[in-house]
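What follows is calculated from the coordinates using simple rules that are stated; it is not laboratory data. Remember, it's a predicted structure, so these values are computed and weren't measured experimentally. All Cβ positions, glycine included, derive from the backbone under ideal geometry; neighbour counts span all protein chains shown.
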Amino acid sequence: MSLVALGLNHNTAPVEIRERASFSPEKLPDSLRELKSIEGVTEAAIVSTCNRTEIYCGMEDDAVAQVIAWLHTHFHADPDSFSPYLFRHDDQYAVQHLLRVCSGLDSLVLGEPQILGQIKQAYQTASQNGALGRELSQLFEHAFSVAKLVRTNTRIGSNPVSVAFAAVSLARQIFGDLSGKTALMIGAGETIELVSRHLYSSGIGNMIIANRTLARAEAIGAEYKARAVRIADIPDVLAESDIVIASTAAPLPILGKGAVEAALKKRRHEPMFMVDIAVPRDIEHQVSELDDVFLYTVDDLQNVIDENRKSRQEAADQAEEMILTQVEQFMRKLRAMNAMNTIKQYRQNAAGIQQELLQKSMRELERGMPAEQVLQRFAHSMTNKLLHTPSARLREAGEEGRLDIIEAANTLFGLDKDQ
């Protein structure tokens, strides 16, 4: 049996393909049962996120084609629709892939931590639905330990590498605790949504989202408990805003120096932190001349991001070395587990022979046979029965010239090859 990682992700497939091959959470238990019912598949887990659909299986080699065929059938796709975009990793390469994914080394944003939670959820779902066996369970548990090891011993996740994350990180640096602060987001695009998510996760006290289309602002506001207003209403809420982050597609600045001056007077010159992510700018450059205003542009943030990306890449190089070591450790453990199956079976066979001969010896003693004779017969029979099959196999190996088997026997039984 082999461990196999099979699927497609942002490295191998465009978004329109990934969308078609995405498993919905509510149907995942049924999908796991279907997958595990394929002949040759003994255990399975499915990871499905916006950037990847990956199947991890313990399976016979000839089952891979059937799993690929099932994937196409499951998504009502033509037989070869996904094939050009699929990757396949076997055994130690499957192990290495999962360890890299859990550690954030295979993510669109290097080192991002969200993927680990998604993998843990996939593992839990597979476990709850009886899809995992011993080897995959051991693999996922090992992957989680390695991800923790990587994050503890490298700086791969310590520095922001997205504009949204960098903006919120700067806000935390300036204000420290954000629970008593109010943030005003201008715009309602993807960047503002990400900023809202990061601020919400950071425990921001209040959020306001201003947008030309109120419905869009309300949609984001509902998810992150933010108040929605129109852009025309910004002067009414600016004075209560400690943090202002702007990202619209407007051709001219939305927030001018005069409006900010008026807000500062109402705030009694309590400091304001502003980030203008837009190009062209949403906040007039002259605002930076005002006392008590910390204004950053997208270029300022980009410098932070570039430095942090370089730092993360250095950490990623360290992590890759750690993962190679951990892959070898896991494969040794897996090989030992396979050997334990053989040892267990051999011991069970020996115990069966022992019980059979013991019962025979007890009957002989009951019939009055001398104990010394019974013990000699028991020892002789036990030795013959234990050595019969290995001796026969070694004779066959000698006749067939299988020196490799004879060498293995010398090692296995600790024999002196020179005698």
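Side notes on the structure shown:
- Proximal aspartates and glutamates to residue 333, defined as alpha-carbon separation beneath 12 angstrom and excluding residues fewer than eight positions away on the same chain: 135
- Based on C-alpha pairs under 8 angstrom that are at least 6 apart in sequence, the range 57-168 has a relative contact order of 24 percent.
- A protection proxy built from the mean count of other Cβ atoms within 10 Å ranks the segments 165-178, 46-59, most packed first, as 46-59, 165-178.
- Ratio Rg/Rh, restricted to the range 1-110 and using Cα atoms, in which Rh is the Kirkwood radius: 0.93
- Global geometry of the range 163-306, whether rounded, prolate or oblate, following the gyration tensor of its Cα atoms and the 1.5 cut on a/c: rounded
- Cα-based radius of gyration of the range 188-265 once divided by 2.2 N^0.38 Å, which approximates compact folds: 1.06
- To the nearest ten degrees, helix 64-74 and the longest principal axis of the Cα atoms of the chain are 40 degrees apart.
- Residue-normalised convex hull volume from the C-alpha trace of the chain: 230 Å³ per residue.
- FRET efficiency, residue 19 to residue 289 (Cβ-Cβ, R0 51 Å, nearest 0.05): 0.60
- Listed residue pairs exceeding 32 Å between alpha carbons, taken from 36/344; 36/385; 27/310: 36/385; 27/310
- Angle between the chain longest axis and helix 190-201 axis [Cα atoms, degrees, rounded to 10]: 70 degrees
- In this simple spin-label approximation, residue 415 and residue 127 carry label points 7 Å from Cα along the Cα→Cβ vector, and these lie 4.6 nm apart.
- Extension gain from residue 2 to residue 366, taking 0.36 nm per residue of separation minus the Cα-Cα distance: 125.8 nm
- Cα-Cα pairs of the range 312-419 separated by more than 16 Å (percent): 75 percent
- Residue 302 paired with residue 12, simple spin-label distance in nm, labels 7 Å along Cα-to-beta-carbon: 3.4 nm
- As a rough footprinting exposure proxy, the listed residues 367, 33 were ranked by other beta carbons within 10 Å of their own, and the order from fewest upward is 367, 33.
- Label point distance in nm, residue 393-residue 83, each placed 7 Å from Cα along Cα→Cβ: 4.0 nm
- Prolate/oblate/rounded label for the range 228-339 (Cα gyration tensor, a/c 1.5): prolate
- C-alpha long axis of helix 114-128 to longest principal axis of the chain, angle in °: 40 degrees
- For a straight C-alpha distance cut-off of 29 angstrom, the lysines reachable from residue 265 (same-chain residues fewer than eight places away being disregarded) are 181, 225, 257.
- Were the residues from residue 76 through residue 381 laid out at 0.36 nm apart, the gain over their Cα-Cα distance would be 103.5 nm.
- Neighbour-count order for 181, 310, fewest beta carbons within 10 angstrom listed first: 310, 181
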